[in-house]
Structures are given as C-alpha cells and as structure tokens.
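Just so it is clear, none of the values below were taken in a lab; they were calculated from the coordinates. Note that the structure is predicted; figures quoted are calculated from it, not measured. Cβ sites come from the backbone with ideal geometry, for glycine too, and all protein chains shown count toward neighbours.
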Amino acid sequence: MEGSSGDGAAASVPLVKWKNDFSRAFQFYLDRSTPHAVGRWLGTLGIAAIYCLRVYYVQGFYIVTYGLGIYLLNLLIGFLSPIADPELEVSDGPALPTRGSDEFKPFIRRLPEFKFWYSITKAFCVAFVMTFFSVFDVPVFWPILLCYWIVLFVLTMKRQILHMIKYKYVPFNIGKQRYGGKKTSASSDLSKD
C-alpha cells in the first residue's frame, strides 16, 4: 500500500519539474518581449484576427464575443484611469493636479501598458479556446448584443473623457514637450561678423 502512494509522488515530481521549467521559460520570453511594444501589439492583433475569423466561419459563439468585448472595455477603462482617482479619495501619495498652481504629478495608470497587453492577449486566447466547445455556443440574436455593446462603449467612453477633462489629465504619452525659447541676440550678432 505504501509503495503505491510513493509511486504517485514519484510520478508527480517530473510533472512538477516540467511545469516549473515551462513556467520559467514562458516568463523568460515574456520578459524579453517587454521592450518591444509594437511587436507585442502586432502579435495580439494577429491573435484577434484569428479569433474573428474563427467566429465568422463558425457563425456562432456571439455570447463569448460579447463577454470578451465587455472584458476588453473594462481593461480599457483601467488603462485610461489614473491609479489615484481624485473623485474617490484624497491621498497623500501621487494625485492629479486640479488647478494650475498645483504641483505637477505624473500620470500613473491604474493598469500599466504591459499588463493591459498581456490581459488582452490572454482574453483572446481563452475566447479562442472556448469556441471549440459547443456548450459556449448559446443561440442569441447577435445584432442586439452588438448594439448594446456599442451603447455601453459610447456611454463609458463619454464618462471617461468627461473625467479626463474635469481633472485635466491625458493618459497618453505624446513624447517630450519641446519649448520654442527665445533666440539670443548675441548669437545673431556673432553670425553678422
């Protein structure tokens, strides 16, 4: 009897080792992809296109797609929102300036870009796998779901944009701001000589 429990433990050791090796290799390649934002997003776009083609050719799984859309909308809100919402809390930590005399504090996202990308990619992969199981193919009239999702998107984005305007923040990094500064008259005098 003891030998059979020992065999089960011995059989699970290679499985645990394989899982750890796979996890370590996956994390290695995930870490290597971090600085390559454009490549990561192009890969996610490819995965999304494959998912869309799968749903189109199968002509089903609209409820899975609707759930995916709601989840992506939730991720987008997290990506566009500051970590410290001035409407909800007054904190001693980083906060958005509300007046011109306030000290500048950088915009820190509630959901960083890398986690945003990773969550979207995982969501498309999970949704793609779900399309292979007929239990998730619930018959629905998809135009109603699409219209409802568009209404949710518009209302949510309207609320988010009004929040951005009210608290004067832009969640996008447009690059380093450049100032035109005055040309000194000394440099123009030197060029005349």
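Miscellaneous remarks
- Building the convex hull from the alpha-carbon atoms of the stretch 31-81 and averaging its projection over directions returns 4.5 nm².
- Put simply, when 107-120, 63-76, 130-143 are sorted by average Cβ atoms within 10 angstrom per residue, most first, you get 63-76, 107-120, 130-143.
- For Ile50 and Asp137, the FRET efficiency from 1/(1 + (r/R0)^6), where r spans their Cβ atoms and R0 equals 25 Å, is about 0.90.
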